[in-house]
Amino acid sequence: MQFSIVFLYLFSNAVLSNTWPLANVTDKDLIRISGELWDADKDDRLDVRLSLQGKTKDGSKEDQAEDRLFEEIPADFGTNPIYSKQIALYKYYIPNETIPEVESRAKLRDIDDFIDAVMDTDVATKTHEFLASKGLVSSDIDTFKEQLKVIWYALYVRSGALSSSGGEHVQMGETKQSDIDGLHSWVRFALLENENQINYLGYVRFLNLSGAYIIRNN
């Protein structure tokens, strides 16, 4: 599993938003930087084995997988500073979208620690340099970290309550009645699966990159 994929995903909504001045960003630019981030992330790859099992459809409740999705994960993956600091944030969030989140000094401190760990990687450094070169973010690293904090963790209203943020939605996941919103983090999914708190039902689509990155504009 590559951190570059997660990092690009966390940026996607902000960078691709119509409110951003993208006149200087071309498809070739995005292909180039995606490749550079993929290559920069080689040292942080984890040997994670998945068991895809049966194919299913979007929205289906039928279980097409008898076993777990994560067949094998390195026992020490939680010692990685990024993953360990991401996991440390889970305890602060309330999955139920109807319940307002509570801010605290400890939570804000741990958010800063996570962002510091993220920015201490080649992937984040290259991303910052690219965005700054296009005039999309500040070239000052401390200012950029504050921008990240707003993009990922500023609270907004969901289901009538000040209960959500980009970071919570993507990294932790949220619940609305019996449905799950977000939960795009493999780390979170793997931990929940290990604790028997989530059931993998099967895969919808499979894309084999075979160690390469592919971006197409049809």
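Structure notes:
- Of all lysines in the structure, the ones whose alpha carbon falls short of 16 Å from that of LYS42, not counting any fewer than 8 places away in one chain, are LYS126.
- Anisotropy class of the stretch 61-218 from Cα gyration tensor, a/c 1.5 cut: oblate
- Here the Kirkwood formula puts the hydrodynamic radius of the stretch 24-122 at 17.6 Å, using every distinct Cα pair.
- Cα centroid separation, the stretch 131-164 to the stretch 75-127 (Å): 14
- Cα gyration tensor, the stretch 135-187 - rounded (a/c under 1.5), prolate or oblate: prolate
- Eligible aspartates and glutamates near LYS176 by straight Cα distance, threshold 15 Å, same-chain separation 8 or greater: GLU97, GLU101, GLU168
No lab work stands behind these numbers, since they all come straight from the coordinates. Just so you know, these numbers come straight off a predicted model, no measurement behind them.
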